[in-house]
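Note sheet for the following structure.
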Amino acid sequence: MKTINLLITGSLALIIISLALQLPDIKYAASTSQHYSPSVIPIAFIAIALTLFAIIFIRDFLVRDWIKTNGSGQSVADLIRIRRLIFLTASVVYVLCFSKLGFLVSSLTYLTATAFFLGSGHRKELLISFGIAVTVTSTIYVVVTLGLESFLPNFIVTGF
Amino acid sequence: MSDYFLIAFQTLVTQPVLLLLIAAGVTGGLVIGSIPGLTATMALALLVPLSFSMNFNAAIALLMGVYCGAISGSLVGSIVLNIPGTPSSAATCLDGYPMAKKGELSRALGIGVYASMIGGVFSGLALILIAPTLSKFALNFGPWEYFTIVIFTFMTVASLSEGDTIKAVAVAMMGVCLSMIGYSDGAGTSRFTFGVSDFSGGISVLPALIGAFALPQLVMDTDRIGENINRIDDKFEITSFMRTFVEILSIKWAIFRSSIIGIAIGILPGVGPGLSNILSYTQARNSSKTPELFGKGELPEAIASPEAANNASMGGALIPMLTLGIPGDAATLILMSALMLHSVEPGPLLFVTNRDDIAFIFVSFFVSFAFCTVIYHIIIKHIIKALTVPTQYITSIIFVLCVIGSYVLNNRMFDVYTLLVFGIIGYALRIGKYPILPLILGLILGPMAEEQFRLAMEYGRGSYFPFITRPISATIIALTFISLASPIVRNFRNKRTRKKLF
């Protein structure tokens, strides 16, 4: 779909533009070399990136011959496949809740819910998903905390 | 150097833990590599953060095992399900699955496994012979050569990427721009932080890499949930599997040729086992006396050639990574991150200052392939069963492992958010038909490009002429223009051919 590709190209260009807008705010150290300005590389690469995205925009959305021969990428139907949306949304929520709910609660909920909703949705599958979630979560917890001697976020009641 | 090899081998043999780690890595890699949708890159991306707490030898033993296992394991999915476990076994499906469908599952698997092992051994030999020589040559490189080689890498990756060259270069430039976020030694200040203190340390490469490769792949994998998979029901027999070793010896020249193709493709930055797999299959068919039998599961070389090539490209990809610090493909990019995590900087000086580490990497590579051959015989029956695990469980578990891997690096949520943001960017790139590898290459090589350019300007007293007057730098610039021109020439030729036909 042309709109989706336009959105993606525009978003990527916006990332570069947001970096470009920061260029004047950079205060370089006083002792810079007389042979080299630290702003050369940032300006050069940002300019090249913006030029290339502009070329892509003009070619993909304004040049009719190119659009005819090269098509318009994935369709909206591909983009909003239910399972993809479920997985992506669940993953975003999981990451956002990871530190607030702690590893155990967030991972148990994520694994159970995602496997259940992506599967056939039968009650039996909910039990299987929960069982697998408990096994995987506890294994990871033991390996990371005892094996690797690292830390995982805990559920803090007052902080939530 | 041979003394260091002996010491490395002695270290492995006298520390059984290292051998166990290689075995564990190979086993894990074989299982992960065989499951469609879980690539070698993902297997490595999951384990690198966990190797952070290990010492260098233990981390390398584990990661080499996973690397060898995952690439070797991908043929099982191709032959049993007609779905490659990783892109490096795409061409294996063409004859592997038809052969298995005819009731010769064990024969198809045996041909693939033994050819893979032979290809891997050849690539190890190439690694030992070529890498030290190339590193000696690279000691003559100055900052001009390093800067131009980074630009050459970007352009080569872009011109050899699937699809659009302009999109690939644009994404690579975006990666370089993102790499400039944070504190710069050359500038003596923080840049592009948007006023957020977390950005002062820059973007962590590993979480970005994991996010950009893993999350889009997992999202796409959900499309296969509930699909009717054409699974081969033929019973696996170990004796038929082992008998194919004799058959492999009858096609030794095809395997040798494919191994050379694999090594050469592997050396090219940004290409990797996927292209070598397809190229060697095409080459085998073109040079066969019975090309009409390809695609029908009749000829052993139709399976052996792509499998030998994809394993051979592994050693090839390690050559530029170790000698120049330029990763050959996504998997070596992750291995390079692992080395840097353990304060080992890839480059020509590595062969001068860290000979023991280099020797250990080489020895681990060979030992991993030996273990791979043995472990395959033991667990291949179970790998075939593992292919029936429902995808909905695998995708969510893998994502949890990605999040944990990113978190344990520095015990901070910023890295997990980096994983998520780059995952969304990676998915957007997939949808918009932009390649992902150039983005991560730009993120990793951007700081090197900037630093080498700064040094070039300092040493050259502000002059750009040394870029053209130094012979090696000039040669690399010429090769860069050739690599940029080749897709244009290819397009022009295709258009002329089309016009002639119509």
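Does at least one position in the stretch B:170-179 carry a residue that is modelled with pLDDT of 90 or more and open to solvent by 10 Å² or more (accessible area, probe 1.4 Å)? So far as the stretch B:170-179 goes, yes, one or more of its residues are modelled with pLDDT of 90 or more and open to solvent by 10 Å² or more (accessible area, probe 1.4 Å). Just to be sure, is B:LEU401 closer than 28 Å to B:GLY73 by Cα and surrounded by fewer than 22 Cβ atoms within 10 Å (Cβ to Cβ)? When the stated conditions are applied, B:LEU401 passes them. Annotation: B:VAL389 fulfils all but one of (1) touching a residue at least 24 places away in the same chain (Cβ under 8 Å); (2) facing chain A (nearest Cβ under 7 Å); (3) of a type outside the set (D, E, K, R); the unmet one is (2). Can B:GLY195 be described as farther than 17 Å from A:PRO38 by Cα, in a loop (DSSP other than H, G, I, E, B) and open to solvent by 10 Å² or more (accessible area, probe 1.4 Å)? Yes. Looking at the stretch B:231-251, can you tell me whether even one residue there is among the aliphatic types (A, V, I, L, M), open to solvent by 40 Å² or more (accessible area, probe 1.4 Å), more than 29 Å from the chain's Cα centre (by Cα) and farther than 18 Å from B:LEU420 by Cβ? Yes, some residue in the stretch B:231-251 is among the aliphatic types (A, V, I, L, M), open to solvent by 40 Å² or more (accessible area, probe 1.4 Å), more than 29 Å from the chain's Cα centre (by Cα) and farther than 18 Å from B:LEU420 by Cβ. For the stretch A:99-158, a residue qualifies if it is more than 10 Å from every other protein chain (Cβ to nearest Cβ), more than 26 Å from B:ASN411 (Cβ to Cβ) and open to solvent by less than 50 Å² (accessible area, probe 1.4 Å), and the qualifying residues are A:GLY121, A:GLY131. The residues of the stretch B:320-361 that are acidic (Asp, Glu) and under 23 Å from B:THR148 (Cα atoms), listed by number, are B:ASP329, B:GLU345.
For the stretch B:96-111, the count of residues that are free of Cβ contacts under 8 Å to residues at least 40 places away in the same chain, open to solvent by less than 20 Å² (accessible area, probe 1.4 Å) and not hydroxyl-bearing (Ser, Thr, Tyr) is zero.
If you check B:LEU50, B:LEU63, B:LEU46 for being open to solvent by less than 10 Å² (accessible area, probe 1.4 Å), in contact with a Leu (Cβ under 8 Å, 6 or more places away or on another chain) and aliphatic (A, V, I, L, M), only one passes: B:LEU63. When each of B:PHE399, B:PHE422 is tested for being within 14 Å of chain A (Cβ to nearest Cβ), at pLDDT 90 or above and under 30 Å from B:VAL113 (Cα atoms), the lone residue that passes is B:PHE399. Of the residues contained in the stretch B:425-443, one or more are found to be among the charged types (D, E, K, R) and at the interface with chain A (Cβ under 9 Å from one of its Cβ atoms). Quick check on the stretch B:348-364. Is at least one of its residues more than 30 Å from B:TYR114 (Cβ to Cβ), within 9 Å of chain A (Cβ to nearest Cβ) and open to solvent by less than 10 Å² (accessible area, probe 1.4 Å)? Checking the stretch B:348-364: not a single residue is more than 30 Å from B:TYR114 (Cβ to Cβ), within 9 Å of chain A (Cβ to nearest Cβ) and open to solvent by less than 10 Å² (accessible area, probe 1.4 Å).
Counting only helices (runs of 4 or more DSSP H) that fall entirely inside the stretch B:405-502 and contain at least 1 residues that are surrounded by fewer than 22 Cβ atoms within 10 Å (Cβ to Cβ), in contact with a helix residue (DSSP H, G or I) (Cβ under 7 Å, 6 or more places away or on another chain) and without any contact (Cβ under 8 Å) to a residue 60 or more places away in the chain, the qualifying elements are B:413-431, B:466-469, B:471-501.
The values are calculated or read from the model by the stated rules, or taken from the named source; none is laboratory data. What you are looking at is a predicted structure, and each value in this text was computed from that prediction instead of being measured. Note: ideal-geometry Cβ built from the backbone for every residue, glycine included; neighbour counts use all protein chains shown. For the accessible areas, the whole protein counts, side chains as well, though only heavy atoms, and no ligand, DNA or RNA atoms are used. Shrake-Rupley method; radii C 1.70, N 1.55, O 1.52, S 1.80 Å.
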